[in-house]
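For reference, the structure discussed in these notes is given below.
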Amino acid sequence: MTYFAHPTAVIDEGASIGNGSKIWHFCHVMPRAEIGNGCILGQNVFVANDTKLGHGVKVQNNVSIYTGVICEDHVFLGPSMVFTNVINPRSNVERKEEFKQTLVKKGASIGANSTIICGNTIGKYALIAAGAVVTKEVPDYALVMGMPAKVVGWVSRRGLRLAFDTEGLASCPEDGSKYLLADGVVRFVD
């Protein structure tokens, strides 16, 4: 496999890194981490054992991806966003057997300085606003913000706000793709 790693990056033997990926300054990738093709890890990124990044994932500076985090294809992780993997951490109590999985589905974006509490799923193409604190599941295409994060709207696959008509239909203002909102669930319409 062919990937780029800056000389200051530490890639432990056994790590799986896909073709065309770029790993920049002061990153550390642990031995059981899986990184797909065409990923970009910015400065000072940590990727723990038993994590998985799909293809085309972009991780901005100062992000730690802890054990149990799975990011599907084309996920964006903004600068200094935070994942957790234990609900009630204590320095004097070992809880590695209690790590909870966090799943970030295809195309989702997580904004700068936001926090994702472990054990939750971020839906496809969801957009987490900068500084949000996610404490529960996030639906596909949801725009969430605040502390705790709440759904405040819906976005297209291009990340633009959708305006639904009385029949629950909306179009992306950029590419014209169609979406249907029914019973609190948004789906892409071919």
For this session: Report yes if some residue within region 127-147 is surrounded by fewer than 17 Cβ atoms within 10 Å (Cβ to Cβ), in a loop (DSSP other than H, G, I, E, B), free of Cβ contacts under 8 Å to residues at least 40 places away in the same chain and in contact with a Lys or Arg (Cβ under 9 Å, 6 or more places away or on another chain); otherwise report no.
Result: no
For this session: Name the single residue, out of those in region 36-56 being in a strand (DSSP E or B) and among the β-branched types (V, I, T), that is nearest to K124 (Cα to Cα).
Result: I40
For this session: Hey, can you tell me all the residues within region 90-113 that are closer than 25 Å to R187 by Cα and of a type in the set (S, T, Y)?
Result: T102, S109
Exercise. Is it fair to say I87 is farther than 24 Å from G38 by Cα, at pLDDT below 95 and among the β-branched types (V, I, T)?
Worked result: yes
Problem set entry | Test: G107 is in contact with a His (Cβ under 9 Å, 6 or more places away or on another chain), part of a loop (DSSP other than H, G, I, E, B), without any contact (Cβ under 8 Å) to a residue 60 or more places away in the chain and not hydroxyl-bearing (S, T, Y) | yes
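The values are calculated or read from the model by the stated rules, or taken from the named source; none is laboratory data. What you see is a predicted model; the values in this text were computed from it and never measured. Quick reminder, even Gly has a Cβ in these numbers, built from the backbone with ideal geometry, and neighbours come from all protein chains shown.
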